[in-house]
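Here's the structure, in structure tokens; my notes come after.
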Amino acid sequence: MTEIPTTSAFTPERLAKVKEIIARYPEGRQKSALLPVLHLAQEQWGWLSSEVMDQVAELLSIEPIEVYEVATFYTMFHLQPVGKHVIEYCRTGPCCLMGAEGVYDHLQARLGIKTGQTTPDGLFTLKEVECLAACGWGPVFQIREKYYMNLTNEKVDSILDELSK
Amino acid sequence: MAIKILTEHSHIPGIETFDVYRKNGGYTALEKAIKTMSPEEVVEEAKKSGVRGRGGAGFPMGMKWGFLAKPEGVPRYLVCNADESEPGTFKDHYLMKTIPHLLIEGMIISSYALGANKSFIYVRGELMYVIQILEKAIAEATANGLLGNNILGSGYDLELVVQPGGGAYICGEETALLESLEGKRGNPRNKPPFPAVKGLYQSPTVVNNVESIANMAWIINHGGEAYASVGIGRSTGTKLISASGHIKKPGVYEIELGLSVEEFMNSDEYCGGIRDGHHLKALVAGGSSVPIIPAHLVYKTANGEDRLMSYESLSDGGFATGTMLGSGGFIVFDETACIVRNTWNFSRFYHHESCGQCSPCREGTGWMEKVLHRLEHGHGSMHDIDLLVDVAKKIEGNTICPLGDAAAWPVASAIRHFREEFEWHVSHPKEATLPGAVYKGAAVLA
Ligand SMILES: NC(=O)C1=CN([C@@H]2O[C@H](COP(=O)(O)OP(=O)(O)OC[C@H]3O[C@@H](n4cnc5c(N)ncnc54)[C@H](O)[C@@H]3O)[C@@H](O)[C@H]2O)C=CC1
Ligand SMILES: Cc1cc2nc3c(=O)[nH]c(=O)nc-3n(C[C@H](O)[C@H](O)[C@H](O)COP(=O)(O)O)c2cc1C
Ligand code: SF4
Ligand code: FES
């Protein structure tokens, strides 16, 4: 799993980015920076621990509870440690019409894990998500910002092979 | 060749870059608007075009702009809704990744028209790579003097901010989006007041969909009247349709409104017809929230008229026999699709995405999901089918935002048109729960 201790601080580059983001909004509206800053935090630590969220609260001069209630509302934020690659698989209707259920069965069998679990080597976490706005290009999953579309069992195998190297 | 207002240049290699976009006539509309027109004149052209909100509700864009309150000394905002999360809809995704400058140009023209000096594009967080594409386009436009201070020497200043969401369908609802943009949970607000009066930071705000705004470059170049001459009746212009499901060529297509559904489905220019060897069973015409219709109501309305791709024709027959254009998510089902399974899947989606503020939506979507799960997995009773209709009725119209309705309509319409299929799941639980099992009695089109 993720090795980085979550008590560490934002990297200087990210800290500069946080300042830049806050400056986008009108005076006194720095809370608007919360979602972009949480994304930055997750990019650094892989998930959002309460220590990390407290840091974010301090940077934005808001209460920690304001960060927790937002982080728990949005599905993209991981509140538990996750594997190196989080596979977010679309399970919604249109993708199912394109054969998503069969490909998902294959993916789970190949990884030997079910939804929500992480492989013992800490490489992959599997998450089911709703429509990713790629329905005509389904079945689809996402790993970080990358979309993998028109998936087949063979394609899944070669993607996993590539990422396991 | 059918007219293309949004995608005419989308196939040109490199069109996502400033230089190629510019060489193909990009940013001439912005120059025209800023150098030769007053903001009021730009609003006037939007009104004349008759263009209706492409996010799904179809509210006339020019009219909404006309409703924007303009109190002295208070900033006004334009917020572009790029949260696109309606199952079956992926056209904004396509437009932004292929021709990002069309949206940026539209945003600058629209912000100028509304007198906004800071505007936002709220993109669903999953589309982080699209956010990077948009940020690059913004940097290019700024470097070329088309964004920032004193645009083209006009004295008009504009800053464009791209904001990521965090993964929540409800943040596509405009007031939830504004809450989210303020750094909060995406709980919809009561309307009225509409955002046009009290929106972002309690200031007057216009929220428009990506596709709505992207139309502005063409409208300024050719005039609102020319736009209004495209399309049919009050469905003016073109529309991007996201086509998915059991067709030969899933993808995003730009159509002139008024094209027949039959041509859209079967012509090689568009969907290319149902997959080989299969037959049309049902259609969801405008994203998961709109009613599903059975094959015999797809090409013809109940009155026997040709069904057209327009706001009016698709909803002809109301809930009894019609559907809606909505956001243009055209989902096609052939005879291999199980309607009960799909309805359960959609119900699970709405339950998962309910923000939980209103009890009819929070509890009702949960109930529907549970009952549909029972039916799909062979433990349902005939009574459950009526129970579903009853729960759907209790949600409809009793909630803060239309997500409740959006959850109720697919269930109510599926039972209305495919009741026998639900009953078969109750009467034949063993058969119905075999992998890939589908009720064979539903009428299909050869
Ligand atoms: N694109 C997508 O991913 C999705 C789209 N939808 C669509 O959203 C639609 C519902 O959206 P709503 O915003 O709730 O519809 P609505 O009818 O309340 O509003 C439509 C637009 O017109 C404006 N408006 C209406 N009356 C106004 C007035 N008197 N003054 C000023 N502005 C006014 C609203 O502010 C809004 O921008 C559904 O029809 C559905 O098709 C739903 C889910 C997802
Ligand atoms: C639950 C829900 C989700 C919505 N999602 C979106 C969306 O993803 N994109 C969008 O443009 N409009 C969405 N809408 C509609 C918006 O509330 C609003 O009508 C639209 O952004 C206005 O822009 P338009 O007039 O240009 O269509 C949604 C509405 C509801 C009720
Ligand atoms: S209808 Fe549902 S999603 Fe909309 S505000 Fe109420 S609980 Fe939230
Ligand atoms: S249903 Fe999978 S991307 Fe839309």
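Observations, loosely collected:
- Hey, B:A243 closer than 23 Å to B:S10 by Cβ and not β-branched (V, I, T) or not: yes
- Options B:A214, B:A141, B:A113: the member that is in contact with a helix residue (DSSP H, G or I) (Cβ under 6 Å, 6 or more places away or on another chain), within 11 Å of ligand 2 (Cβ to nearest atom), in the same structural domain as B:G56 (by TED's automatic domain parsing) and among the small types (G, A, S): B:A214
- Residues (more than 16 Å from ligand 3 (Cβ to nearest atom) and either under 15 Å from B:F330 (Cβ atoms) or part of a helix (DSSP H, G or I) (or both)) located in region B:85-100: B:G88, B:T89, B:F90, B:K91, B:D92, B:H93, B:Y94, B:L95, B:M96, B:K97, B:T98, B:P100
- In region B:331-357, the residues that are within 15 Å of ligand 2 (Cβ to nearest atom), in a helix (DSSP H, G or I) and of a type in the set (A, V, I, L, M, F, W, C): B:F346, B:F349
- Residue list for region B:248-273, restricted to those being out of contact with any helix residue (DSSP H, G or I) (no Cβ under 7 Å at 6 or more places or on another chain) and within 15 Å of B:V284 (Cα to Cα): B:V261, B:E262, B:F264, B:M265
- Annotation note: Cβ proximity below 6 Å between a residue of region B:82-109 that is in contact (Cβ under 8 Å) with a residue 40 or more places away in the chain and a residue that is aromatic (F, W, Y) and within 16 Å of ligand 4 (Cβ to nearest atom) (sequence gap 6+ or interchain) occurs for B:S85/B:Y169.
- Test: residue in region B:157-170 that is more than 10 Å from every other protein chain (Cβ to nearest Cβ), touching a residue at least 60 places away in the same chain (Cβ under 8 Å) and over 20 Å from the mean Cα position of the chain (by Cα): no
- Any hit, region B:361-380, residues being more than 13 Å from A:C96 (Cβ to Cβ), of a type in the set (F, W, Y), within 16 Å of ligand 1 (Cβ to nearest atom) and not assigned by TED's automatic domain parsing to the domain that holds B:A243: no
- Qualifying residue in region A:114-131 (condition: more than 27 Å from B:K97 (Cβ to Cβ) and surrounded by 23 or more Cβ atoms within 10 Å (Cβ to Cβ)): no
- Counting the residues of region B:42-60 that are touching a Lys or Arg at 6+ places or on another chain (Cβ under 7 Å) and either more than 20 Å from B:C401 (Cβ to Cβ) or in a helix (DSSP H, G or I) (or both) gives 2.
- Scanning region B:101-153 for residues that are polar (S, T, N, Q), part of a helix (DSSP H, G or I), within 27 Å of the chain's Cα centre (by Cα) and surrounded by fewer than 24 Cβ atoms within 10 Å (Cβ to Cβ) turns up just one, B:Q132.
- Residue ID - farthest from the other protein chains (Cβ to nearest Cβ), chosen from residues in region B:64-78 that are in contact with a helix residue (DSSP H, G or I) (Cβ under 7 Å, 6 or more places away or on another chain) and surrounded by fewer than 24 Cβ atoms within 10 Å (Cβ to Cβ): B:G66
- Condition check for B:S235: within 14 Å of the chain's Cα centre (by Cα) and modelled with pLDDT of 95 or more: no
- Filtering region A:129-165 to residues that are part of a strand (DSSP E or B), within 10 Å of chain B (Cβ to nearest Cβ) and not aromatic (F, W, Y) leaves A:V129, A:Q142, A:K146.
- Qualifying residue in region B:236-243 (condition: within 30 Å of B:G277 (Cα to Cα), away from ligand 1 (no atom under 16 Å from the Cβ) and outside the structural domain of B:T28 (by TED's automatic domain parsing)): no
- Consider region B:277-300 and keep the residues that are over 24 Å from A:T92 (Cα atoms) and in a loop (DSSP other than H, G, I, E, B). The one that is farthest from the other protein chains (Cβ to nearest Cβ) is B:Y299.
- Residue among B:E335, B:E305, B:E363, B:E312 that alone is more than 14 Å from every other protein chain (Cβ to nearest Cβ) and in contact (Cβ under 8 Å) with a residue 60 or more places away in the chain: B:E312
- Screening A:R91, A:R110 for residues that are at pLDDT 95 or above, away from ligand 4 (no atom under 16 Å from the Cβ) and either closer than 30 Å to B:A414 by Cα or surrounded by fewer than 19 Cβ atoms within 10 Å (Cβ to Cβ) (or both) leaves exactly one candidate, A:R110.
- Yes/no for B:A139 being of a type in the set (A, V, I, L, M, F, W, C), within 14 Å of another protein chain (Cβ to nearest Cβ) and either within 16 Å of ligand 3 (Cβ to nearest atom) or without any contact (Cβ under 8 Å) to a residue 12 or more places away in the chain (or both): yes
- Total residues in region B:222-261, condition within 14 Å of another protein chain (Cβ to nearest Cβ), on the phi > 0 side of the Ramachandran plot and surrounded by fewer than 22 Cβ atoms within 10 Å (Cβ to Cβ): 1
- Condition check for A:E58: in contact (Cβ under 8 Å) with a residue 40 or more places away in the chain, out of contact with any helix residue (DSSP H, G or I) (no Cβ under 8 Å at 6 or more places or on another chain), away from chain B (no Cβ under 14 Å) and of a type in the set (D, E): no
The values are calculated or read from the model by the stated rules, or taken from the named source; none is laboratory data. A quick note: this is a predicted structure, and the numbers were derived from the prediction, not measured. Heads up, the Cβs are rebuilt from the backbone with ideal geometry, glycines too, and the neighbour counts pull from every protein chain shown.
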